[in-house]
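Down below is the structure, laid out as structure tokens.
The values are calculated or read from the model by the stated rules, or taken from the named source; none is laboratory data. Treat the numbers as computed from the prediction; the structure is a model and nothing was measured. Here Cβ is always computed from backbone atoms with ideal geometry, including for glycine, and neighbour counts include all displayed protein chains.
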């Protein structure tokens, strides 16, 4: 008789949970679904960036020249060291967008909303497959609901992005940028930085929670949506840090090792984020299934 080590309860539970998530992910063809979501994200990202830049320019009441200098300074600090004489393409694109920020911002916002409704329709279809929910909304009702979800998710994502950028600048030599626009005078301390990071994470978690709970045609239990949103938010934050580390090793002066590599990294990061989003749904679905089976065992045991 062969002796086998006894597996403790929590280890068996973790193994069972991971195994079920793996099996469900294979059945739902997560990699294929993620490719479709990634395509829609990349389509919507261009008008989103232009709208965001135009909105910041209008909100801060800056002239195109001064706002272009400030934004280019932020971009340069985010990129690896490079020569200012090169005139990076991103500088020219942002400069043109800022000089036409009124008309361009309006059109980019409209295009972003249009493409975002397509993105949320794809997300609803994917979550319907994950949570086994049939889409019962009509075309008009579905589009109107997608517009509301677009506005909510965009507001939370922008809040997370702007707060994360503010924290990054306030903890580095980029504090001069905040001094020039009158937002801050001294470098942020570690406790304030930690609290800011928690708030930024909260914005992200609330966004994913709203998507998981309300986007499917049938509302998902808030406990399952919470588990899914926390899982996705943590891996999404991890991806952001990994992306920032990788991008700092890209040579911006080279077209092949700089521009092309940056494009590949961005596409891979978007694809990874799409996979994480679907896996978060799978984690929430397995949590719900395990809860249902536990309740069934309790009923039969009585």
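List of remarks:
- Residue tally, condition surrounded by fewer than 12 Cβ atoms within 10 Å (Cβ to Cβ) and either farther than 15 Å from residue 218 by Cα or in contact (Cβ under 8 Å) with a residue 12 or more places away in the chain (or both), over the range 133-147: 4
- Lone unmet requirement of (1) at pLDDT 85 or above; (2) under 27 Å from residue 157 (Cα atoms) for residue 49: (1)
- Here the condition is being modelled with pLDDT of 85 or more and under 29 Å from residue 231 (Cβ atoms); of 137, 197, it holds for 197 alone.
- Index of the failed condition, residue 203 passing every other in (1) within 12 Å of the chain's Cα centre (by Cα); (2) more than 30 Å from residue 19 (Cα to Cα); (3) modelled with pLDDT under 90: (3)
- Filter result for residue 34 (farther than 30 Å from residue 289 by Cα, at pLDDT 75 or above, in a helix (DSSP H, G or I) and in contact with a helix residue (DSSP H, G or I) (Cβ under 7 Å, 6 or more places away or on another chain)): no
- Qualifying residue in the range 190-198 (condition: assigned to a loop (DSSP other than H, G, I, E, B) and either more than 21 Å from the chain's Cα centre (by Cα) or loosely packed, with under 15 Cβ neighbours inside 10 Å (or both)): no
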